[in-house]
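What follows is a single structure, written as structure tokens, with notes after it.
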Amino acid sequence: MFNDEDKKIEECLGEMSNFDPKEKEEIWNNIEKELFIDEKKSKPPRQKKWGLLVAAAAATLFIAFSSQTDTGNALVDKMKTVFEPGTVSALVDKVKSMFEPKKEIVQSIEGIDEDTKLTLNEGKEAEYVIYIDEERYVMNRTDDGDIITPKIPLDAQYPEVSMAIRQQKDVPASSAFQKLKEDILRDYPYLILEEETNEPLSGFVLLAKKDGHDWDNELTKVYVLDNGAGGSFIIQQKYFSEAEEGHGTRFDAMLKEFHIVKD
């Protein structure tokens, strides 16, 4: 019996082998909190092994719900063949609470706290997910990547407001950032900020603007981060001076809910 359980554990953990390392850490931290609260209590070997199997299943299900893809659904179906009736449903409920399709955050917009509802969206080729404020924004796919824009288009008098997300699979983050910096400064010659950052994402950030000090002076903020596979994600925000504390703040709040997903 234990040999069968060992095989099941190995298969479940195998589903995590190509998942982004940062996401794995988050997965296991959540599983430890949810499933091993009483781990200090002595347990028979069979119970401990079952606990590991449950953890592996929870990790697999976590991946399934975070990816929101056909592959994820297939993983859930697979778990149904492994566990007794009712067990998967209980695990699903736990995993959903870790990475729910919708969540609510509180963000400060122009000094005022605001409750915002976010909805999980899947990125191009299902290689990342991001929570979007769908009351205000929409995400569309293009040949180059994805772009998030205001749900209600701005009047022609306003400069562009958008957040584009694309991936360069063969270009490391540091190289991509240096090349992008050269390109950006040709259009936005006044460099305001250039540094490594951990907020709202871990990577490089650049903030630059065009010449001028009027309300409609155009700015761009660019984040470049490691994709976990030798390449990079490039996220470019565009807005104008008067919108920096509105759209700019909202874009960064959504980026706190950006998660890389690997096949």
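Taken together, the values in this text are just the output of simple stated rules run on the coordinates, not laboratory data. Since this is a predicted model, take the numbers as computed values, not measurements. Using ideal geometry, Cβ is built from the backbone for each residue, glycine included, and neighbour counts are taken over all protein chains shown.
One table, with the values for the structure above:
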| quantity | calculated |
| --- | --- |
| Cut-off 9 Å between beta-carbons: net charge of the residues surrounding Pro200, Lys and Arg +1, Asp and Glu -1 | -2 |
| Cα-based shape type of segment 144-196, given that a ≥ b ≥ c are square roots of the gyration tensor eigenvalues and the cut on a/c is 1.5 | oblate |
| Shape call, segment 119-260: gyration tensor on alpha carbons, a/c limit 1.5 | oblate |
| Above-threshold pairs, the threshold being 27 Å between Cα atoms, out of Lys179/Lys256; Lys102/Lys181; Lys151/Lys179; Lys103/Lys169; Lys117/Lys221; Lys103/Lys179 | Lys102/Lys181; Lys151/Lys179; Lys103/Lys169; Lys103/Lys179 |
| Mean separation of Cα contacts under 8 Å, 6 or more apart, over the residue count of segment 119-260: relative contact order % | 25 |
| Dipole moment magnitude, nearest 20 debye, segment 119-260 about Cα centre, only Lys, Arg, Asp, Glu C-beta charged | 240 |
